[in-house]
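Here is the structure we will look at, set down as structure tokens.
The values are calculated or read from the model by the stated rules, or taken from the named source; none is laboratory data. Just so we're clear, the structure is a prediction, and the values are computed from it rather than from any experiment. Cβ sites come from the backbone with ideal geometry, for glycine too, and all protein chains shown count toward neighbours.
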Amino acid sequence: MTALTPWTMAPVTSGPWTVAPEPAGSPDARALWAAYYTEVSDRWFRLHHGSDTPPGELERGIAADDGPEQLVAPRGLLLMARLAGRAAGSAGLALLEPGIAELRRVFVHPSARGERGGSALMAAVDAAAGELGATRLVLDTRHDLVESHRLYERHGFTRIEAYNEGPYAERWYAKQPASTES
């Protein structure tokens, strides 16, 4: 298994997007993490309570989230997508066990949607998974995040049985990374 660092994985360029590893604690990563968390939390609260996340709840959730710490070498990686140099999307990979990496928190900022940022991230995820030694990618998502379902399916993920019991996990997907296909 190879530990990924910003020095081992070359940036992936796709149209106007450049995707490369980023330290999980960088200011850009923290800003996108907060935007991601706000969006998915607000969507969940609207669905279940008819309103956005209460501000105090949102702040507590962001502060308590340990997601960024799971995306550091040698067992994880955060990929940052930049559109014309501006941080506009991210995706995380974390090794669950040798050969199996979990895709986490794929996000494209609303201001950059419709510009194929999700596809740029998926290309970089495939490259990074191969460097991590992963021969299988898995992920979980919620039923209401329908845009993510389309993105994952368009990039070769297929539905699988549950592999975890996350509190918000409602759909599970897997694929063989393109970088490992023969």
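Does any residue of region 23-36 turn out to be among the hydroxyl-bearing types (Ser, Thr, Tyr), in contact with a helix residue (DSSP H, G or I) (Cβ under 8 Å, 6 or more places away or on another chain) and surrounded by 13 or more Cβ atoms within 10 Å (Cβ to Cβ)? Looking through region 23-36, none of the residues is among the hydroxyl-bearing types (Ser, Thr, Tyr), in contact with a helix residue (DSSP H, G or I) (Cβ under 8 Å, 6 or more places away or on another chain) and surrounded by 13 or more Cβ atoms within 10 Å (Cβ to Cβ). When the residues of region 1-18 are filtered to those that are of a type in the set (Val, Ile, Thr) and within 27 Å of Gly114 (Cα to Cα), the one that is modelled with the highest pLDDT is Thr18. Every condition in (1) over 16 Å from the mean Cα position of the chain (by Cα); (2) outside any loop (DSSP other than H, G, I, E, B) holds for Ser51 except the one numbered (2). In the set (1) part of a helix (DSSP H, G or I); (2) under 13 Å from Leu32 (Cβ atoms); (3) of a type in the set (S, T, N, Q), Ser119 fails one condition alone, (2).
For Ser111, the test of being under 26 Å from Ser41 (Cβ atoms), of a type in the set (S, T, N, Q), under 16 Å from the mean Cα position of the chain (by Cα) and not in a loop (DSSP other than H, G, I, E, B) is failed. Residues that are within 16 Å of the chain's Cα centre (by Cα), over 24 Å from Gly114 (Cβ atoms) and aliphatic (A, V, I, L, M) were ranked within region 129-182; the one that is surrounded by the fewest Cβ atoms within 10 Å (Cβ to Cβ) is Ala169.
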